[in-house]
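What follows draws every value from the coordinates through simple rules; no lab data is involved. Everything numeric in this text was worked out from a predicted model, so none of it was measured. Methodologically, a virtual Cβ is constructed for each residue, glycine included, from the backbone with ideal geometry; neighbour enumeration extends over all protein chains shown.
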Amino acid sequence: MAQRRYDERDVRIRPGRGSRPRTKQRPEHADALSAMVVAVDRGRYTVLVDPGGPDETRVLAMKARELGRERVVPGDRVDVVGDTTGEDGTLARIVRIGERRTVLRRTADDTDPVERVIVANADRLVVVTALADPEPRTRMIDRCVAAADDAGMEVLLALTKADLADPAELTALYAPIGVEVVATRRVTDPVTGTTTIEGLDALRDALRGEISVLVGHSGVGKSTLVNALVPDARRATGVVNDVTGRGRHTSTSAVALEVPDAGAPTWVIDTPGVRSFGLAHVDPAHLLHAFADLDEVARECPRGCTHLGDAPDCALDEWVADAADDATRAARAARLDSFRRLLVSRLGTADADDTRP
Ligand SMILES: Nc1nc2c(ncn2[C@@H]2O[C@H](COP(=O)(O)OP(=O)(O)OP(=O)(O)O)[C@@H](O)[C@H]2O)c(=O)[nH]1
Ligand SMILES: [Zn+2]
């Protein structure tokens, strides 16, 4: 996709104080500054004016009443007015929400009609999966691929803990269907005893110039990656209270962090507490689109094929049966099983796939 993140709205025009003639007909909030939302905490929005630029200013803002119940989420491009100095104790007002290029949604489960936008304008979903401890779950990966596909986002599979298990098998499963794969491993220097994350450069390269959302189950090493990519992440998010040393409860809202030294404005959005996605908003007919390999095969299906387990002459079953060897057959069967579980679950019928970790 690799679209440009900034457009003409980002060209910031500071109102020349007093120099502009004030007419009664001037467009509403013509003096608004454009900004990017980086964090949301109980009705207060942290926005960056001139994000990543030389005049970057961190401003606390509230939502103007005229926006009503419309949600403002990290990644949103907004216009702010009022006190935009960012000084302590000031509060600006968000008066406009820019059109969203992509929208990542979350539903509590696959039949729950209430969907919440959790991140806007992200280019990529990074599915952080440990190769071991905890064991990788391909169904959760498939679910994330489906959510990203629906959101109009690319997917990158970040396989962590490659020091514990070989990434080859999962790479072979996902790379051919257009999922970018990067493996990282922790290495300890035998002399100094310091640990570093190998593969971080490849990951940074893959994320360069874009906005990426990281999701992953507890313990997969997501925080380790975020902290390695953004060394002052803790400070930037204010997650740890300096006085008590205890974490504040920001656990459910996403936070956008800029990756330093990436060579182009690069952002990661951490989603603490978001482990996976319900797919209630995804049209079952479109679900197949997220399974590129199966989508191809299903063109041979009879008209109106449901692709479910009981569908007569479904080409997907033939595809599994026709595999050249046992390993391929097992891999294909697992793909088909994953797709059918999501499909069944999405249709709200029996055997619902759980969305929990
Ligand atoms: N062996 C190995 N362990 C790792 C690696 N990366 C992280 N870990 C360990 O895995 C555990 C979980 O890492 P975290 O970064 O806290 O995982 P998380 O996904 O943020 O988990 P939560 O904080 O529970 O959301 C920690 O004990 C890390 O030290 C790795 O590449 N190799
Ligand atoms: Zn079919």
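In this structure, is Ala330 part of a helix (DSSP H, G or I) and either exposed (fewer than 13 other Cβ atoms within 10 Å of the Cβ) or touching a Lys or Arg at 6+ places or on another chain (Cβ under 6 Å) (or both)?
Judged against the criteria, Ala330 is a match.
Which residue out of Val213, Val226, Val220 is within 18 Å of Arg143 (Cα to Cα), outside any strand (DSSP E or B), within 16 Å of ligand 1 (Cβ to nearest atom) and β-branched (Val, Ile, Thr)?
Among Val213, Val226, Val220, only Val220 is within 18 Å of Arg143 (Cα to Cα), outside any strand (DSSP E or B), within 16 Å of ligand 1 (Cβ to nearest atom) and β-branched (Val, Ile, Thr).
What's the total number of residues in the stretch 150-170 that are away from ligand 1 (no atom under 16 Å from the Cβ) and farther than 17 Å from Val274 by Cβ?
So the answer is 4.
Take the residues in the stretch 60-78 that are crowded, with 22+ Cβ neighbours inside 10 Å and part of a strand (DSSP E or B); name whichever of them is farthest from the chain's Cα centre (by Cα).
In this case the residue turns out to be Ala61.
With Ile211, Ile141, Ile177 as the choices, which residue is crowded, with 23+ Cβ neighbours inside 10 Å and away from ligand 2 (no atom under 16 Å from the Cβ)?
Being crowded, with 23+ Cβ neighbours inside 10 Å and away from ligand 2 (no atom under 16 Å from the Cβ) holds for just one of Ile211, Ile141, Ile177, which is Ile211.
Please go through the stretch 270-289 and pick out each residue that is among the small types (Gly, Ala, Ser) and either more than 16 Å from ligand 1 (Cβ to nearest atom) or not in a loop (DSSP other than H, G, I, E, B) (or both).
Listed by number, the residues that qualify are Gly278, Ala280, Ala285.
What are the residues in the stretch 292-305 that are surrounded by 14 or more Cβ atoms within 10 Å (Cβ to Cβ) and near ligand 2 (Cβ under 10 Å from one of its atoms), if any?
Within the stretch 292-305, Leu294, Val297, Ala298, Cys301, Cys305 qualify.
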